[in-house]
């Protein structure tokens with residue numbers, strides 16, 4: 001399976017929703033950049049990139065079932081959708097397991113374990129800060145409390161300060 005196959009599948013999954021497609025592609029770009037700059041091994045980098053592309057896959061079902069796309073609902077609804085998509089693409093079970101775990105935790109900011117998890121959170125915030133028009137104080141607070149990678153902090157500073 002190639003990362004491009006996951007990207008294409010996610011564009012198809014979100015057909016007609018350019019905002020969501022743009023979001024996932026931006027998160028993917030930042031995650032890829034940070035992961036490479038931080039020197040992740042090839043397998044962790046692959047898992048990170050797949051997770052970045054699929055991290056919000058639970059939004060559509062969350063909105064349909066609950067009328068809300070809250071982080072909690074996304075974390076609940078995302079893994080089954082991701083499992084189905086990644087299985088159809090022939091992904092390895094161990095990769096699917098980790099990606100689903102990351103999706104189930106990507107809005108949980110306590111006890112972040114693993115560089116793939118840390119970088120996914122950072123990449124999502126780099127994009128959300130812009131898309132949600134966060135003010136400078138809020139961005140600074142997120143950076144200081146959540147960001148741990150040198151590359152993520154540098155990107156945050158270059159983009160917003």
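Tabulated data
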quantity: Estimated 222 nm signal from helices in the chain, with DSSP H stretches of n ≥ 4 weighted -39500 (n - 2.57), rounded to 500; calculated: -24000 deg cm²/dmol
quantity: Rounded to 10°, Cα long-axis angle of helix 3-13 versus longest principal axis of the chain; calculated: 80 degrees
quantity: Ranked list, fewest to most other Cβ atoms within 10 Å of each Cβ, for 10, 1; calculated: 1, 10
quantity: Rounded tilt (10° steps) of 93-103 against the dominant C-alpha axis of the chain; calculated: 50 degrees
quantity: Euclidean distance between Cα centres, region 8-52 to region 84-161, Å; calculated: 11 Å
quantity: In nm, spacing of pseudo-spin labels at residue 141 and residue 43 (7 Å Cα→C-beta vector); calculated: 3.9 nm
quantity: Sequence of 102, 159, 85 once ranked by neighbouring C-beta atoms within 10 Å, starting from the fewest; calculated: 159, 85, 102
quantity: Degrees, to the nearest 10: 136-146 long Cα axis against longest axis of the chain; calculated: 70 degrees
quantity: Rounded, prolate or oblate (a/c below 1.5 giving rounded, otherwise prolate when a/b exceeds b/c) for region 8-161 by Cα gyration tensor; calculated: oblate
quantity: Ranked list, fewest to most other Cβ atoms within 10 Å of each Cβ, for 13, 28; calculated: 13, 28
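Read-outs throughout are calculated quantities, based only on the coordinates presented, and are distinct from any laboratory measurement. Since the model is a prediction, treat every value here as computed from it, not as a measurement. Every residue, glycine among them, receives a Cβ derived from its backbone with ideal geometry; neighbour counts consider all protein chains shown.
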